[in-house]
Every structure is written in C-alpha cells, then in structure tokens.
1. I'd like the antiparallel share, as a percent to the nearest 5, of DSSP beta bridges with both residues in the chain.
2. Output wanted: per-residue J couplings in Hz (rounded whole) for the range 145-160, from phi through Karplus 6.51 cos²θ - 1.76 cosθ + 1.60, θ = phi - 60°, x for Gly and Pro.
3. Give me a comma-separated list of calculated 3J(HN,Hα) values for the range 28-40, in order, Karplus coefficients 6.51, -1.76, 1.60 applied at θ = phi - 60°, integers in Hz, x for any Gly or Pro.
4. For the chain, which whole-number percentage of the solvent-accessible area (1.4 Å probe, protein heavy atoms only) is attributable to carbon and sulfur atoms?
5. Counting only other residues whose beta carbon sits under 9 Å from that of SER62, what net charge do I get with K and R as +1, D and E as -1?
6. For the range 35-188, what's the relative contact order in percent, using C-alpha pairs closer than 8 Å and at least 6 residues apart?
7. Where both partners of a DSSP beta bridge lie in the range 121-188, what percent of those bridges are antiparallel, to the nearest 5?
8. What aspartates and glutamates does LYS169 reach when the alpha-carbon gap must be under 18 Å and sequence neighbours fewer than 8 apart in one chain are set aside?
Amino acid sequence: KFPKRIYNLGICEQSIVGTGAGLALNGLIPVLHSITPFITERCFEQIKNDFCYQKLGGNIVSVGSSFDYAALGSTHHSYSDIGIIRTLPRTQIVYPSSSIEFDLLFKQTYNNNYLTYFRLPAKKHSYQFSSEQIVFGKGIKIKEGKDITVIVTGPQLQNILDCIKELEKENIEVEIIYIHTIKPLDEE
C-alpha cells in the first residue's frame, strides 16, 4: 500500500538500526525487522547508542526467538535477546505468541516514544484471548488455582496448558498467569 515507506537494507542489520534512528530523528516512527540474533545481539551497540542514548522511539520486530532457526546453526540461535535489551534505558519488551496479542500490543505501543522490542516466535499457543484482556504492561490470569502458581510467557503457555491436565489428575489446582509484556513487568 505504501511502497515508498519501506526500505530493504538486506542483511545489514547495523545499518537498519542506524537508518531507523535517522528516521526517528526526523520525526518518523520506524519499524525495524529481521531475524532475532541479528537485529538484537549483532546490533546491540547501535540500539544502545543510536536509539536509547538519544531517547528515540521506534519499534523492533524480530522473528526467530530462541531456537526457532536452530537448523541453520548456532549463529541463528537467540536466547539472550530479552536479557540484553532489558538492560537498556527507555526500552520495552513484548513477547506476544498469538496474532491478536501482536496486533493489539503493537497498536497500543507503536508511537509511545519508547523503543519497543517485539519478539515473535515461530510457534503459537492455542489459548483464545479476548481483545479486552490484552493490555500492554498487564499480565493475564488464565486460570484460578490454589496449590501452585505458574507464570509463563510466549509459546510456553501451550506447554503449561497441556501439562496441567496431568496435575489436575492428581488434584493439584494450578493458577496460570500469562505475561506478554516483559518490560515493564506487571509486578502486581
């Protein structure tokens, strides 16, 4: 729809970040996209210097969390992206694992003057949220329980939903809290 608003810089992720910061300095709201380890770990210094230290807003949307691209070798593994981005000032981290989560959370944060990192996994969970449940910065209580509480994020929700069936057979009631926003964390 808007072909003049898209720049394909190929596999030059550091240049993607620098170009995005330049666009932000000129009043635009950039959305940067690449495979997770390349747009976060490879570009950490550019993200820190070009966006965070200059207090610029924008959006980084990655694909391939943790080991989603494992078959392509260890250069495509990414298990520290959330940890390193968390250390940077004026950053937010969102780990949606369904289409409705990404759609609503992106709309809620797109132009909020922070650098917001969206980590998109290859696998999704099957839980169906209503749009009212999805609020940036707020966890969602999926299930009441009195014996144990499980706090989960991303596609791991599916593992927990499958796992609790076994616990319930043992009369163990599990409370499930789903966190899609990692930073700021809903401590309440």
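The values are calculated or read from the model by the stated rules, or taken from the named source; none is laboratory data. Since the structure is predicted, the reported quantities are computational estimates derived from the model, not experimental observations. Here the Cβ positions follow ideal geometry from the backbone for every residue, glycine too, while neighbour counts run over all protein chains shown. These area figures cover heavy atoms from the full protein model, side chains too; ligands, DNA and RNA do not enter into them. Shrake-Rupley method; radii C 1.70, N 1.55, O 1.52, S 1.80 Å.
1. So the antiparallel bridges in the chain amount to around 25 percent.
2. x, 10, 8, 9, 10, 10, 10, 9, 9, x, x, 5, 4, 4, 4, 5
3. 8, 10, x, 10, 9, 9, 6, 5, 3, x, 7, 8, 10
4. Details: 5620 of 10470 Å².
Carbon with sulfur: 54 percent of the solvent-accessible area.
5. 0
6. Reported relative contact order: 25 percent.
7. Around 40 percent of the beta bridges assigned by DSSP in the range 121-188 are antiparallel ones.
8. Within the straight-line cut-off, LYS169 pairs with GLU144, ASP147.
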